[in-house]
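Reviewing the structure listed below.
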Amino acid sequence: MELTKEQKLFQSIVQQAWEDDVFKQELIANPLKAIKELTGEELNLPEGKTLVVRDQTDADVVYINIPAKVELDDVELNEEQLDIVTGGGEGEDPIIIDPPTNPFAGL
């Protein structure tokens with residue numbers, strides 16, 4: 001499976017932060033500026049969104065990220081998805097909302 005453009009971008013940002021402490025500190029302090037300086041491209045966030053970068057490189061600390069709650073009342077299904085949900089369709093991909101991975105696995 002080939003990485004998407006966004007995955008490649010994220011990978012290059014993380015790699016640079018691992019290798020360059022000055023970049024990592026700039027990324028934490030001003031992520032949009034640091035990303036633009038690294039890639040030459042401006043990261044466009046949706047209106048009203050903020051990018052937060054936290055240094056989670058301390059191996060002695062377990063971090064928990066609480067993602068935004070999925071509001072299922074706001075989800076609109078297309079015709080194929082509606083058929084699948086009601087049992088009338090034979091779609092290949094079921095609609096699955098995965099819970100976050102267990103950060104304590106293997107401890």
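Model label sites at Arg54 and Gln16, defined 7 Å from Cα along the beta-carbon direction, differ in position by 2.3 nm.
Close amide-amide hydrogen proximity is noted between Val53 and no other residue 5 or more places distant or on a separate chain, at a cut-off under 5 Å (H modeled in the peptide plane; Pro and chain starts excluded). Neighbour counts of other Cβ atoms within 10 Å put Phe23, Phe10 in the fewest-to-most order Phe10, Phe23.
Show me, bin by bin at 10 Å from 0, the whole-percent P(r) of the range 5-66 based on Cα pairs. Spelled out bin by bin, the range 5-66 gives 19, 52, 26, 2 percent. For the range 26-34, backbone phi angles converted through the Karplus equation (6.51, -1.76, 1.60; θ = phi - 60°) give residue-by-residue couplings of 5, 4, 5, 6, 8, x, 5, 5, 4 Hz, Gly and Pro being listed as x.
The numbers here are math on the coordinates, done by the rules we state, and not lab data. As the structure is a computational prediction, the values presented were derived from the model and not from experiment. Cβ: placed from backbone, ideal geometry, glycine included. Neighbour counts: every protein chain shown.
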